[in-house]
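Read the structure below first, then the notes.
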Amino acid sequence: MFYGIFDNLLYWHWWLFAIALIIVEVFSAGAFFIWMGVAAILTGFVLLVMPEMSWQIQFTLFAISSIAAILLGRSFFNRKEINTEDPTLSSQETGLIGKTFAVEQAIINGSGRVKVGESTWKANGPDCNVGTSVKVIAIDGAELIVEIA
């Protein structure tokens, strides 16, 4: 029924598909669709060199090269490890303990927000007004436990 649609696939169809996959990657988390886009580009190049290739072989090539690209990409990027003597370097949350920040939204009934760099974090601690300096004494999930500095 749909087999006739695939009989006329050209190399640039695969390249358009690759662009669509890369656009999807921009709006998704992680790096998954980018590797499928690379596989689609590869399939398009192979089809450019071998234009008589059937659509079944094209899809098989795309599937195999997608799996290979995803595995190679993930193994390459997961292997990169940064060695450091500061154990809190990659843990922003742990690095906040002991630091002082300004209250962005007044802490009322134990809950408010503090400004940390360019963002704000939910804070729990004693009631205080906007602009008050508070010190982070602990972290509970995504909440900072603070005391007046």
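Numbers for the structure displayed
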| quantity | calculated |
| --- | --- |
| Gained length - residue 115 relative to residue 127, 0.36 nm times residue gap less alpha-carbon distance | 2.7 nm |
| Stokes-Einstein D for the stretch 3-79, Kirkwood Rh over Cα pairs, 20 °C, 1.002 mPa s (µm²/s) | 168 |
| Estimated [θ] at 222 nm from DSSP helical runs (n ≥ 4, -39500 (n - 2.57)) normalised by residues in the chain, nearest 500 | -14500 deg cm²/dmol |
| For the stretch 92-148, average projected area of the Cα convex hull in nm² | 3.2 |
| Using θ = phi - 60° and Karplus 6.51 cos²θ - 1.76 cosθ + 1.60, couplings along the stretch 7-15 (whole Hz; Gly, Pro as x) | 5, 10, 5, 10, 4, 6, 4, 5, 5 |
| Under the Karplus curve 6.51 cos²θ - 1.76 cosθ + 1.60, θ = phi - 60°, whole-Hz ³J(HN,Hα) for the stretch 132-146, x wherever Gly or Pro sits | 5, 7, 10, 10, 6, 10, 6, 10, 10, x, 9, 10, 8, 9, 10 |
| Nitroxide proxy distance, nm - points 7 Å out along Cα→Cβ at residue 13 and residue 29 | 3.5 |
| Debye, to nearest 20: dipole size of the chain, +1 on Lys, Arg Cβ, -1 on Asp, Glu Cβ | 80 |
| Interatomic Cα distance distribution for the chain, bins of 5 angstrom, percent | 2, 9, 13, 11, 8, 7, 7, 7, 7, 7, 7, 6, 5, 3, 1 |
| Longest site-free stretch - the chain; sites: GluC sites (Glu not before Pro), DSSP loop, at most 12 other Cβ within 10 Å | 1-51 |
| Amide hydrogen neighbours beyond the local backbone of residue 130, cut-off 5 Å, H modeled | 106 |
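Only the coordinates and a few stated rules stand behind these numbers; no lab work does. Source: prediction; values computed, not measured. Heads up, the Cβs are rebuilt from the backbone with ideal geometry, glycines too, and the neighbour counts pull from every protein chain shown.
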